[in-house]
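K.L.:
The structure follows.
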């Protein structure tokens, strides 16, 4: 390969001589660029989703192959985010593929020093038992003047900022049905 052909292959020279003076098209391409392959081309499924990090609800596309998530990107069809993701949303792939991600219920008994794995059904049963026992123990039917209260101050809820309106609505219904009156969401604090 001669000196002229080497110099002629430089991107700056191609940009100055060619039809791409801004260097955003063919002048910026190289053999390495042409050999690149989009990570999304190998996906078997593309699932629309919503970012789990805050209540904005940015749209995401989840790419998967062999049942494993391989790539996450913004959904250009989302009217909320129009294909854009913030740094947190862009890290969703590591959230679901991290080797340190907990995938089992972990429980440490009172005064215990070691964690143990529980199956989900056992953990849910333990939570239900404790919620019902707390409600029973702290239930207030009437106050000292005989006014009806029908409440418990032993159960409270502080929702997270990642909850959307529908989830907050359901939580409010659940805790109100339990008789709790201390219900708040950190997005408003």
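K.L.:
For the range 39-97, state the average projected area of the convex hull of the C-alpha atoms over all orientations, rounded to one decimal in nm². Intermediate values should be presented prior to the final figure.
P.N.:
Working: hull surface 14.9 nm².
Taking the Cα atoms of the range 39-97, their convex hull projects to 3.7 nm² on average.
K.L.:
For the pair residue 121/residue 171, report the inter-label distance in nm, with labels modelled 7 Å from Cα in the Cβ direction.
P.N.:
2.9 nm
K.L.:
Pull out the extension gain between residue 86 and residue 150, defined as 0.36 nm times the separation in residues minus the alpha carbon to alpha carbon distance; nm, one decimal. Walk me through the intermediate numbers first.
P.N.:
On the way: separation 64, 0.36 × 64 = 23.04 nm, distance 4.44 nm.
Value of the extension gain: 18.6 nm.
K.L.:
At 37 °C and a viscosity of 0.692 mPa s, what translational diffusion coefficient does Stokes-Einstein give for the chain, taking Rh as the Kirkwood radius over Cα pairs? Give it in µm²/s as a whole number. Display every interim value, and only then the final one.
P.N.:
Numbers: Rh = 22.5 Å.
Estimated diffusion coefficient is 146 µm²/s.
K.L.:
Something else now. Could you compute the FRET efficiency for residue 4 and residue 34, with r as their C-beta to C-beta distance and R0 at 30 Å, rounded to 0.05?
P.N.:
Numbers: r = 22 Å, r/R0 = 0.74.
According to the calculation, E is roughly 0.85.
K.L.:
Something else about it: Run lengths n ≥ 4 of DSSP H only: what is the helix-derived mean residue ellipticity at 222 nm for the chain, with -39500 (n - 2.57) per run over all residues, to the nearest 500?
P.N.:
Values: 7 runs with 61 residues, N = 189.
The helix contribution divided over the chain gives -9000 deg cm²/dmol.
K.L.:
For the range 47-149, what is one quarter of the convex hull surface built on the Cα atoms, given in nm²?
P.N.:
12.1 nm²
K.L.:
Once you treat every alpha carbon in the range 92-186 as an equal point and sum by Debye, what is log10 I(q)/I(0) at q = 0.16, 0.18, 0.23 Å⁻¹?
P.N.:
The computed values of log10 I(q)/I(0) come out as -0.95, -1.08, -1.20.
K.L.:
On a 0 to 90° scale, report how tilted helix 120-138 is relative to the longest principal axis of the chain, with both axes built from alpha carbons and the result rounded to the nearest 10.
P.N.:
40 degrees
K.L.:
If you don't mind, there's one more thing I want to ask. Running a GNM on the chain with Cα contacts under 10 Å, which residue among 23, 112, 159 ends up with the highest mean-square fluctuation?
P.N.:
Fluctuation is largest for 23.
K.L.:
Now for a separate question. Taking neighbour counts of Cβ atoms within 10 Å as a proxy for exposure, in what order, fewest first, do 143, 66 appear? It would help to have the intermediate numbers written out before the result.
P.N.:
Details: 143 10, 66 7.
With the sparsest Cβ surroundings first, the list reads 66, 143.
K.L.:
To continue, here is another question. Rg over Rh of the range 1-84, using C-alpha atoms and the Kirkwood radius, what does it come to?
P.N.:
Details: Rg = 19.5 Å, Rh = 16.0 Å.
Looking at the range 1-84, the ratio lands at 1.22.
K.L.:
Let me ask something else about it. Explain nothing, just the number: relative contact order of the chain, from Cα pairs under 8 Å at least 6 residues apart, as a whole percent.
P.N.:
Values: 233 pairs, mean separation 21.2, N = 189.
Relative CO of the chain lands at 11 percent.
Quick note: the coordinates plus some simple rules give every number you see, no bench work behind them. Just so you know, these numbers come straight off a predicted model, no measurement behind them. Positions of Cβ are generated from backbone atoms using ideal geometry, with glycine treated the same way; all protein chains shown enter the neighbour counts.
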